[in-house]
Amino acid sequence: MSKQILILPGDGIGPEIMAEAVKVLELANDKYSLGFELSHDVIGGAAIDKHGVPLADETLDRARAADAVLLGAVGGPKWDTIERDIRPERGLLKIRAQLGLFGNLRPAILYPQLADASSLKPEIVAGLDILIVRELTGGIYFGAPRGTRTLENGERQSYDTLPYSESEIRRIARVGFDMARVRGKKLCSVDKANVLASSQLWREVVEQVAKDYPDVELSHMYVDNAAMQLVRAPKQFDVIVTDNMFGDILSDEASMLTGSIGMLPSASLDANNKGMYEPCHGSAPDIAGKGIANPLATILSVSMMLRYSFNLQDAADAIEKAVSVVLDQGLRTGDIYSAGCTKVGTQEMGDAVVAALRNL
Ligand code: IPM
Ligand code: MG
């Protein structure tokens, strides 16, 4: 039976990087007879331009019906002044929430070829392989009430709410433990339990879940310390599990350890491993349309899709291998460039991965 994949390129560099990822996906589809059928739709600013909203109901229906979704990035200055409720980012948050994609996996792996591209000393990052498990459909991103009110003195005051229920914490903790179990068997739960009530419950529930995973070593860390430890000694981490906002921030930080956020893929999974796959980076409006964006994070997101949604380990390995071959060849987009390498654009990088995959 054919498997449906919905492609949502989004805005900014989204369409450029997606074009390259689709080339790679189509080749893998042919080469390994995967039986994928691809269809395209719009999200974010592109959807605002077309439908007046950042995620149209029919797009959401198609995403629900698809077996997996591949997404580029959303947002840009053109839509920055739109009211918050229909900004491009709301489309992304809505599709995450509506599809129940609570488990966000953000691996930060340093390709040995890119050790020079990291802002940290090579010995600090060599061999780095950490996984951030970010809760994606709860916490302060979605909490109510939120808004702006006028105080008695006439001053405006804005507020957000950071709620977490036991079941929300339990299910993301399980993802963290499950991942740690098949990796280095170490899980660090990151919170701010010295200040936040939601973090106190988080820690309590994670401790409860830990009883089912005696083979995994659990530690807890406050988020400010975690931010520091990530740049001081990142290799102490195996899997980090954390809430929505802390995960947003720490995953950007972790990405720089690997040389560039342009290298980081992600998977967002529901309870049945149905998933949406996207690069961790944003739509980079400053370089959009220039053909210089790094497509590798999106290409590696295709590999995660094959792995997590379809259990196609060999095809997923092949795509990762092809990326590694291209890096061995010394090809680099600007974000990962270092002296002695060959600087290439988005399309050349995509073509090189296609050629490498074809020759494997
Ligand atoms: C991410 C992004 C999004 C987020 C934005 C675009 C809403 O930063 O995927 O990390 O904050 O989740
Ligand atoms: Mg982010």
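Quick notes on this structure:
- Computed magnitude of the charge dipole of the chain (debye, nearest 20; Cβ of K, R +1, Cβ of D, E -1): 300 debye
- Accessible area, probe 1.4 Å, largest first, for residues Ser268, Ser39: Ser39, Ser268
- Distance violations [Cα-Cα > 32 Å] among Lys3/Lys235; Lys121/Lys185; Lys121/Lys186; Lys3/Lys211: Lys3/Lys235; Lys3/Lys211
- Placing pseudo-labels 7 Å out from each Cα toward the beta carbon at Lys31 and Ala339 gives an inter-label distance of 3.5 nm.
- Partner lysines for Lys290 [C-alpha distance under 26 Å; skip if fewer than 8 residues away on the same chain]: Lys23, Lys50, Lys78, Lys343
- Gyration tensor (alpha-carbon) shape descriptor, the stretch 231-360, a/c threshold 1.5: oblate
- The stretch 108-269: C-alpha gyration tensor shape, a/c 1.5 cut-off, then a/b vs b/c: oblate
- Summing charges over neighbours of Leu105, with a neighbour being any other residue whose Cβ is under 12 Å away from its Cβ, gives +1 when K and R count +1 and D and E count -1.
- Applying the Karplus relation 6.51 cos²θ - 1.76 cosθ + 1.60 with θ = phi - 60° to the stretch 67-84 yields 3J(HN,Hα) values of 7, 7, 10, 10, 10, x, 7, 10, x, x, x, 4, 10, 5, 9, 5, 4, 3 Hz, where x marks Gly and Pro.
- Amide H to amide H, with H built 1.01 Å from N, Glu217 comes under 5 Å of Lys186, Leu187, counting only residues 5 or more places away or on other chains.
- Gaussian network model of the chain, Cα within-10 Å springs - most flexible of Leu55, Leu264, Leu196: Leu196
- Rg/Rh for the chain, where both radii come from Cα atoms and Rh is the Kirkwood radius: 0.96
- Between Lys321 and Asp160, the contour length at 0.36 nm per residue exceeds the alpha carbon distance by 53.6 nm.
- Cα shape, the stretch 183-247, gyration tensor, a/c 1.5 rule: oblate
- Cut-off under 5 Å, modelled amide H: who pairs with Val241 long-range: Val133, Cys188, Ser189, Val190
- Net charge dipole, the stretch 158-215: roughly 300 debye, given to the nearest 20, about the Cα centre with Cβ charges of +1 for Lys and Arg and -1 for Asp and Glu.
- Förster radius 25 Å - calculated FRET efficiency between Gln200 and Ile249 (Cβ-Cβ, nearest 0.05): 0.80
- Most fluctuating residue given options Glu278, Glu37, Glu155, as computed from a GNM of the chain linking Cα atoms under 10 Å: Glu155
- For the pair Asn311 and Ala233 in one chain, pulling the backbone fully straight at 0.36 nm per residue adds 24.8 nm over the alpha carbon distance.
- Calculated [222 nm] ellipticity per residue, helices only, for the chain: -12500 deg cm²/dmol; basis is -39500 (n - 2.57) per DSSP H run with n ≥ 4, divided by all residues, nearest 500.
- Placing R0 at 22 angstrom, the Cβ-Cβ distance between Thr81 and Arg149 gives a FRET efficiency of 0.50 after rounding to 0.05.
- 3J(HN,Hα) couplings calculated from phi for the stretch 87-101 with the Karplus curve 6.51 cos²θ - 1.76 cosθ + 1.60 (θ = phi - 60°) are, in sequence order, 5, x, 4, 5, x, 5, 5, 5, 5, 4, 5, 5, 8, x, 8 Hz; Gly and Pro show x.
- Probe 1.4 Å - accessible area at Cys188, Å² to nearest ten: 10 Å²
- DSSP-defined beta bridges in the chain - what % are antiparallel, rounded to 5: 40 percent
The values are calculated or read from the model by the stated rules, or taken from the named source; none is laboratory data. Just so it is clear, the structure is predicted and the values come from calculations on it, not from any experiment. Cβ coordinates were reconstructed from backbone atoms using ideal geometry, including for glycine residues, and neighbour counts include every protein chain displayed. Quick note on the areas: whole protein, heavy atoms, side chains included, nothing else; ligands and nucleic acids left out. Shrake-Rupley method; radii C 1.70, N 1.55, O 1.52, S 1.80 Å.
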